[in-house]
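No lab work stands behind these numbers, since they all come straight from the coordinates. Note that this is a predicted model, so its numbers are computed, not measured. All Cβ positions, even for glycine, are placed from backbone atoms using ideal geometry, and neighbour counts span all protein chains on display.
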Amino acid sequence: MDIQAVIKQQVTENPVALYMKGTPTFPQCGFSASAVAVLKACGVTKFFSVNVLENADIRQGIKEFSNWPTIPQLYVNGEFIGGSDIMREMYESGELQQMLGNQS
């Protein structure tokens, strides 16, 4: 299975998927730490995460999949939401909580 197919399967089979640097318990960049904090603030206790530092193919592939140059990247119900700045803006407006309401 090619990397794009793997990514498509991951984002469609997991209601909340976060591609990040590090892990939720040990983020390895400030943006990834911020993304995890926003999800937790929204009440999301369980989500699928991929540490892109462990797989160069995934790290590059996710950028091509979303046509978005940076990591972290959040997907909800298979839809690309954005990175940590967009997540924070959506959280501040209440939009992200609504979107994630049934995922906690």
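Worth a mention:
- Residue count for segment 38-66, restricted to those that are farther than 18 Å from PRO27 by Cα and loosely packed, with under 14 Cβ neighbours inside 10 Å: 4.
- Single residue of SER32, SER93 found to be among the polar types (S, T, N, Q) and touching a residue at least 12 places away in the same chain (Cβ under 8 Å): SER32
- So THR25, is it at negative phi, surrounded by fewer than 19 Cβ atoms within 10 Å (Cβ to Cβ) and not in a helix (DSSP H, G or I): yes
- Close pairs (9 angstrom Cβ cut-off, 6 or more residues apart or separate chains): closer than 13 Å to ASN14 by Cβ and touching a residue at least 24 places away in the same chain (Cβ under 8 Å) in segment 59-79, surrounded by fewer than 19 Cβ atoms within 10 Å (Cβ to Cβ) and of a type in the set (Ser, Thr, Tyr) anywhere: TYR75/THR12; ASN77/THR12; GLY78/THR12
- Of the residues making up segment 67-90, those that are in a helix (DSSP H, G or I) and surrounded by 20 or more Cβ atoms within 10 Å (Cβ to Cβ) are SER84, MET87, MET90.
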